[in-house]
Amino acid sequence: MTTQLIQQLEATRDQTLDFYKLGDDDLARTYGPGKWSVRFILLHLADSETVFVDRIHRILSEPRPIIWVMDQEAWATGLEYDKLPLAISRRMYEALRNAVIYYANEYYERKGHLEFVHSVTGVRTLKDEFDKIAAHNENHLRQIRTALSS
């Protein structure tokens with residue numbers, strides 16, 4: 001299972017990094033009316049990685065921590081996604097995803113049973129979080145592909 005997860009995390013990392021190279025017109029496209037632009041999705045993915053790494057650190061270091069939900073709309077507004085430089089987010093995303101891959105490889109099997117309490121979804125494990133990270137990125141890649149194909 002770990003090998004498959006690592007491959008998925010690496011593949012989504014590489015695909016996501018390719019989208020950071022898009023031009024302004026493609027970055028402005030959305031996958032539906034009222035939905036985020038490709039640019040906002042990429043910024044969100046970088047910010048999500050910061051949250052995921054923080055969660056992994058807490059789960060590995062603190063006994064059954066309580067972890068609060070990320071309000072993605074508040075982050076987009078508060079961090080002014082309309083002005084935030086994409087180049088900074090790209091570097092953040094790449095570095096943090098590499099950290100996630102390291103932690104997944106190191107701890108998915110060995111410490112995956114460790115529990116935390118999510119403020120919305122309740123008790124989960126480190127394995128659950130790693131699986132969520134992979135699925136989260138996949139979901140946003142689908143949205144980007146939809147935006148670019150329309």
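In this structure, R97 does not qualify as in contact (Cβ under 8 Å) with a residue 12 or more places away in the chain, under 14 Å from the mean Cα position of the chain (by Cα) and open to solvent by 60 Å² or more (accessible area, probe 1.4 Å). When I66 is tested against (1) β-branched (V, I, T); (2) under 23 Å from E115 (Cβ atoms); (3) open to solvent by less than 80 Å² (accessible area, probe 1.4 Å), just one condition goes unmet, and that condition is (3).
State all residues of the range 109-133 that are touching a residue at least 12 places away in the same chain (Cβ under 8 Å), of a type outside the set (A, V, I, L, M) and either crowded, with 19+ Cβ neighbours inside 10 Å or under 12 Å from I59 (Cα atoms) (or both); if no residue qualifies, say none. Listed by number, the residues that qualify are K111, G112, H113, E115, F116, H118, T125, K127, E129, F130.
Of everything in the range 52-63 that's in contact with a helix residue (DSSP H, G or I) (Cβ under 9 Å, 6 or more places away or on another chain) and open to solvent by 20 Å² or more (accessible area, probe 1.4 Å), which residue is farthest from L126 (Cα to Cα)? Residue satisfying both the conditions and the ranking: H57. Selection of the range 17-47 for residues being among the basic types (K, R), surrounded by fewer than 21 Cβ atoms within 10 Å (Cβ to Cβ) and either in contact with a helix residue (DSSP H, G or I) (Cβ under 7 Å, 6 or more places away or on another chain) or not in a loop (DSSP other than H, G, I, E, B) (or both) yields only R29. The condition of being under 16 Å from the mean Cα position of the chain (by Cα), of a type outside the set (F, W, Y) and over 30 Å from Y107 (Cβ atoms) holds for only one of R13, R55, R39, R29, that being R39.
Consider the range 1-10 and keep the residues that are open to solvent by 40 Å² or more (accessible area, probe 1.4 Å) and of a type outside the set (D, E, K, R). The one that is nearest to the chain's Cα centre (by Cα) is Q8.
The values are calculated or read from the model by the stated rules, or taken from the named source; none is laboratory data. What you see is a predicted model, and the numbers here were worked out from it, not measured in a lab. Backbone-built Cβ (ideal geometry, glycine too); neighbour counts: all protein chains shown. SASA here: full protein model, heavy atoms, side chains in, ligands and nucleic acids out. Shrake-Rupley method; radii C 1.70, N 1.55, O 1.52, S 1.80 Å.
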